[in-house]
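Accompanying notes for the structure given below.
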Amino acid sequence: MKKRITSLFLMCCLILTLIPVGARTADIVDSGACGDNLTWFLSDDGVLTISGTGDMWDIELDAVPWHDHVSSIKSVIIENGVISIGEYAFFNCTHLLYASIPTSVSTIGYYAFSGVTNLKEIEVADDNPYFCSINGVLFNKDKTLLIQYPVGNARTT
């Protein structure tokens with residue numbers, strides 16, 4: 001009986017692996033480093049993902065590692081483990097609509113979202129001890145300091 005249940009379970013797992021998860025998976029357009037222990041990759045659907053552990057480099061104006069792709073970036077996903085967002089990180093990413101900040105981010109560099117003219121929403125993990133988001137607008141955790149009001153956000157806080 002135990003062998004039948006195990007066989008049935010394994011068969012179900014095999015069948016589930018044959019079911020497509022989505023219509024299409026995104027391909028990676030480019031990738032590189034953006035901190036001593038951080039990497040980035042940009043998918044062909046415009047999602048810039050930053051992962052690893054530690055601080056993002058502060059970046060000189062117009063010298064971000066993804067500079068050649070700023071007009072392709074539609075959303076930024078920063079994964080847990082990233083501690084800081086560097087200065088000018090997303091400067092002039094004019095097609096950026098959405099950014100996600102995880103629990104681990106404790107500092108955001110000057111002008112990180114400067115020139116991001118279509119940004120609609122910045123989402124912050126609920127358990128982030130330093131920042132919060134209300135209707136897509138970025139505040140410090142105590143809501144006493146407005147950090148970034150996305151220019152493309154038409155909602156009222």
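For this structure, a couple of remarks:
- Placed amide H near Thr103: partners under 5 Å, 5+ positions off or other chain: Ala125
- Neighbourhood net charge (13 Å Cβ-Cβ; Lys/Arg +1, Asp/Glu -1) for Ile78: -3
- Under 19 Å from Lys143, Cα to Cα: aspartates and glutamates that are on another chain or at least 8 residues apart: Glu121, Glu123, Asp126, Asp127
- For the peptides 32-44, 73-85, the ranking by mean Cβ contacts within 10 Å, running from highest to lowest, is 73-85, 32-44.
- Computed E for Leu145/His69 - FRET, C-beta separation, R0 41 angstrom, nearest 0.05: 0.85
- Couplings 3J(HN,Hα) for the range 143-152, derived from phi with the Karplus relation 6.51 cos²θ - 1.76 cosθ + 1.60 (θ = phi - 60°), are 6, 9, 9, 6, 9, 8, 9, x, 4, x Hz, where x marks Gly and Pro.
- Under 20 Å from the Thr107 label point (7 Å along Cα→beta-carbon), backbone N, the range 49-82: 50-65, 78-82
- For the peptides 53-60, 90-97, residues were scored by their other Cβ atoms within 10 Å and the scores averaged per peptide; the highest-first order is 90-97, 53-60.
Rule-based calculations on the coordinates, nothing more; no lab input. Every value quoted in this text rests on a predicted model; they were computed, and no experiment measured them. A quick note on method: Cβ atoms are made from the backbone with ideal geometry, for glycine too, and the neighbour counts reach across all protein chains shown.
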